[in-house]
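The values are calculated or read from the model by the stated rules, or taken from the named source; none is laboratory data. The shown structure was predicted, so the numbers you read here are calculated from the model rather than taken from an experiment. Cβ sites come from the backbone with ideal geometry, for glycine too, and all protein chains shown count toward neighbours. We work out accessible area using only protein heavy atoms, side chains counted, and drop any ligands, DNA or RNA first. Shrake-Rupley method; radii C 1.70, N 1.55, O 1.52, S 1.80 Å.
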Amino acid sequence: MVSQVSRSLTPKANIVGIDADVCRAVAAAVFGDAKKVKFSQLNAKERFTALQSGEVDVLSRNTTWTSSRDAGMGLVFAGVTYYDGIGFLVNKKLGVSSAKELDGATICIQAGTTTELNVSDYFRANGLKYTPITFDTSDESAKSLESGRCDVLTSDKSQLYAQRSKLAAPTDYVVLPENHLQGAAGPGGAQRRRRVVQHRQVDPVRHAQCRRDGHHLEERRGRSQGHQEP
């Protein structure tokens, strides 16, 4: 799920998860009300355009923090909210137990993500060949794996486990053991929003408790294990 804080203060209910909680925490810090937030759902290709154009104020999703994005897109990365690593999801019938056995594989990848470059680097470094097939959304990629159009689905490991759970026969698939950063981003010059996000990154449980008790939101430092995203 993609969620961003935007200038509109119209709340949208029933959106949950760490990305949504980051947005609500920012709204609480800026407006004094965690409900004053509007969520806009975008795919990976749309997210940066929406942020750069001012359609949204804060991008909170699994967006890898890279030097090129930091320096070349006019964006300000406020901090890391989740650590993850690239992974590979395959059908057990493929008979592989390591990504190093994927020479010649057809790989489904979500377009507009760093996964495209990371996969290319990984296969080149290991002397392997592959054929990429790109899709606009992660759901399209997962359906193509399930239909047999590709041998492998690659993305963040957290996303792979989520996609596997939605397949018709999830136990038929396995995430291979092999394994860069995600955070909340904002347009360049938005230094106040950057400071707010940096000081209001909270875990969902603590955030909920703070709202119930009426206390100020507390800071936290990410403790998730792992290591990238698209």
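Structure summary
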| read-out | value |
| --- | --- |
| Residue list for the range 106-133, restricted to those being farther than 21 Å from residue 42 by Cβ and either hydroxyl-bearing (Ser, Thr, Tyr) or surrounded by 21 or more Cβ atoms within 10 Å (Cβ to Cβ) (or both) | 106, 107, 119, 120, 122, 130, 131 |
| Test: residue 61 is of a type in the set (Lys, Arg) and in contact with a Lys or Arg (Cβ under 9 Å, 6 or more places away or on another chain) | yes |
| In the range 8-17, the residues that are farther than 27 Å from residue 155 by Cα and open to solvent by 70 Å² or more (accessible area, probe 1.4 Å) | 9, 10, 11, 12, 13 |
| Per-region count, the range 18-60, residues closer than 20 Å to residue 158 by Cβ, in contact with a helix residue (DSSP H, G or I) (Cβ under 8 Å, 6 or more places away or on another chain) and open to solvent by 30 Å² or more (accessible area, probe 1.4 Å) | 1 |
| Looking only at the range 142-156, and only at residues there that are of a type outside the set (Asp, Glu) and either surrounded by fewer than 24 Cβ atoms within 10 Å (Cβ to Cβ) or more than 16 Å from the chain's Cα centre (by Cα) (or both), the one that is nearest to residue 115 (Cα to Cα) | 152 |
| Selection count, the range 23-78, where residues are farther than 24 Å from residue 110 by Cβ and touching a His at 6+ places or on another chain (Cβ under 9 Å) | 5 |
| Residue 141 modelled with pLDDT of 90 or more, more than 19 Å from residue 178 (Cα to Cα) and either acidic (Asp, Glu) or touching a Leu at 6+ places or on another chain (Cβ under 8 Å) (or both) | yes |
| The range 34-60, residues that are among the aromatic types (Phe, Trp, Tyr) and assigned to a helix (DSSP H, G or I) | 48 |
| Scope the range 61-73; condition under 21 Å from residue 86 (Cβ atoms), open to solvent by 60 Å² or more (accessible area, probe 1.4 Å) and part of a helix (DSSP H, G or I); matching residues | 67, 68, 70 |
| The range 82-94, residues that are assigned to a strand (DSSP E or B) and open to solvent by 10 Å² or more (accessible area, probe 1.4 Å) | 82, 83, 86, 91 |
| Failed item in (1) over 25 Å from residue 165 (Cα atoms); (2) modelled with pLDDT under 85; (3) under 17 Å from the mean Cα position of the chain (by Cα), with residue 63 passing the rest | (1) |
